[in-house]
Structures are given as C-alpha cells and as structure tokens.
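The values are calculated or read from the model by the stated rules, or taken from the named source; none is laboratory data. This structure is a prediction, so every number in the text was calculated from the model and none was measured. Virtual Cβ from ideal backbone geometry, glycine too; neighbours counted across all protein chains shown.
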Amino acid sequence: MNEDPPAILLMGPTASGKTAVALWLAARFPLEIVSVDSAQVFRDMNIGTAKPDAATQLAFPHHLIDLIGPEEAYSAARFRSDALAAMREITARGRIPLLVGGTMLYYKALRDGLAELPQADLAIRAAIDAQAAAGGWPAVHAELARVDPATAARLPATDAQRIQRALEVFRLSGRPMSELINAGQAQRPPYRFLALGLLPAEREVLRTRIAQRFDAMLRAGLEDEVSRLRAKYALSLKLPSMRCVGYRQVWETQDGFIPRGEMRDCGIYATRQLSKRQITWMNNTLKPEIFDCLEDGVCERIGRRVEATLRGNRIFT
C-alpha cells in the first residue's frame, strides 16, 4: 500500500465539462473539491468566471473560491501554499482532495514545485538590453551558455525575453536559473496524484460550446457585473482580474475600444485562444490521462478509474 495519500487532478480547457464531472464524482466518493482557477479566487466575479452558485457550494463545498478582492493579485506561489493547506485539512478529515479547474500553471506549481527566483531588477535588465543593442542577442545568448548551459541549450538565440531573464537571475543570485528550477522541483508534495484530463474528440464541438457558454454569460448579466465591479472597486485593465477573458472584452466595449457589435465575437475568440493554450499545457507539460468529454458515460469511465486508484488507499477501503 502506498503511504502517500491520494489526490485527484481533474483538468481540461474551458467548456469541457469539468464541473459536471467533479460534482458527479463528489456525490459518489469521499472527495472535497479544491478550485484550480485563477479567476474564481476573486470575490464578486461570479458570472464571467462560471463560479458554482450558492446552492452548489452548499451541497459540495469548494475550497479556494472568493479569497481576495478583484483589486488584489494572486500568484501561483500563493495558490500552491493555499492548496496544500486545504489538502492537508481534507486528508486529516479522512477525505480526498479533488482539484478541479483550468489554470494549468497552478497544477504545475502544485505538482512540481516553484523555483525561488529573484525579483526583476530594472538596472540589470537595462544593462543587458544595452549589451544586446551593442553586440546582438546571439552574443548575450553566448554569455548565458557560459554561465548556464542547460538554460541556454533550450532557448533560441533570438528569444530576447527569456535570455534576458535567465542572465538577470544569474547576475542577481550567482546561480544558474536551471539550478534554481531544479531545486524548486524537489518540493514535490507528499501526495499520490491521479491526473485526469477532459478533451473533446471533435474540437469543433468545443468551439461551439465556448460560444454557447459566452452567450449564456451575456444573458446572465456579465455586462452589469463588470459595471458593478468598476463602481465598487478601484480597478484598471492592468489588474489580473480585469485581464480575465470576458471581463476585459466587456470593459473595452464599455470604454469604446471595441464596438458593441463586435464584443461577443471578441469574447468568444479570446476564450478559444485561452482554450488552445490550456490544451497545449495539458498535452505538452501536465500529460494527464485523457478522457473524451463528449463520450456517453464519461463520468462512469472516470469514476471507475478513480475507484481503482482509491481501492489502494485505507480511506476508501
């Protein structure tokens, strides 16, 4: 028997049906839901984040929802700390964490740890920019190869932003960024993760679902929600909350940057681009077991996979 307690990761792009599967599982197994969503952490942002309603949260309590105001910022590091704290509490109650959402960076931070990299230094960045202006980014890349060959090997000589950051980290810390990242990966938490992913076999269906979802948000009052947020809080488009898909497009429409007749298309397009990024993260980095979210009986199939995992744990047996 594996001594590490289990934790289930249920991930998928926007509109793939994660919530429905999560609630189905939570009704049948000793699970508690932990949100993995960088937008649902904000209070008063309900419609555009597809936050579970009060009745759902009463029946199935969700952790890491409504943590901060939309004028604040939330990081992957804070998510990792908050999630691990919630998971410890859930496990102590003899239950199992079910982490559900689409913020793929949060899953990676939780599972693989976070490197403790130094904060940006404008003076050092300016010096590196001046160096690149004088000799070209390939020359800066060559310097990076001398001090951090592992990072340089994975970066093309034209990737100015990442080359600059890697060299900045070395100059600030005296250690290669690759070494710091490897140290972060040693922070893997003591859980036996079962990573499950929802993807449609037919991507066009997902695109249709995204459009339907955005239309439903507009009907539910997304524009009014943005107006209320702007009236209640000191917000700007530079804040992470207002950069969320949907909120940004509505804000820009309200301020006249997007013609009203184009708002819907802009919101749907931005959501589809988000979905593509989520799928890329899943396939290339997180690599969960994939289930077709359009298949009849997908909940039952995932349920059998969860049951097989939990059978090896004394909580379930």
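Side notes on the structure shown:
- Candidates Val41, Val21, Val34: the one that is farther than 24 Å from Ser75 by Cβ, β-branched (Val, Ile, Thr) and modelled with pLDDT of 95 or more is Val21.
- Pairing each residue of the range 211-232 that is among the charged types (D, E, K, R) with any residue that is surrounded by 14 or more Cβ atoms within 10 Å (Cβ to Cβ), provided the two are 6+ apart or on different chains, yields C-beta distances under 6 Å for Arg213/Ala15; Glu223/Val250; Glu225/Ile47.
- Test set (1) among the β-branched types (Val, Ile, Thr); (2) free of Cβ contacts under 8 Å to residues at least 12 places away in the same chain; (3) part of a helix (DSSP H, G or I) - Thr271 fails condition number: (2)
- Scope the range 285-302; condition buried (at least 17 other Cβ atoms within 10 Å of the Cβ) and part of a loop (DSSP other than H, G, I, E, B); matching residues: Pro288, Cys293
- Among the residues of the range 23-40, those that are out of contact with any Pro (no Cβ under 9 Å at 6 or more places or on another chain) and either in contact (Cβ under 8 Å) with a residue 40 or more places away in the chain or surrounded by 24 or more Cβ atoms within 10 Å (Cβ to Cβ) (or both) comprise Trp24, Leu25, Ala26, Arg28, Phe29, Pro30, Val36, Asp37.
- When His62 is tested against (1) in contact with a strand residue (DSSP E or B) (Cβ under 6 Å, 6 or more places away or on another chain); (2) modelled with pLDDT under 95, just one condition goes unmet, and that condition is (2).
- Scanning the range 167-205 for residues that are of a type in the set (Ser, Thr, Tyr) and either under 25 Å from Pro5 (Cβ atoms) or outside the structural domain of Ala132 (by TED's automatic domain parsing) (or both) gives a single hit, Tyr191.
Yes/no matrix, rows are residues, columns are (1) within 18 Å of Met177 (Cα to Cα); (2) part of a strand (DSSP E or B):
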residue	(1), (2)
Glu72	no, no
Glu89	no, no
Leu98	no, yes
Glu116	yes, no
Ala120	yes, no
Ile124	yes, no
Ala130	no, no
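- Only residues that are of a type in the set (Lys, Arg) and under 25 Å from Val250 (Cα atoms) were counted in the range 19-50, giving 1.
- Within the range 117-160, considering residues that are surrounded by fewer than 16 Cβ atoms within 10 Å (Cβ to Cβ) and acidic (Asp, Glu), the one farthest from Ser173 (Cα to Cα): Asp159
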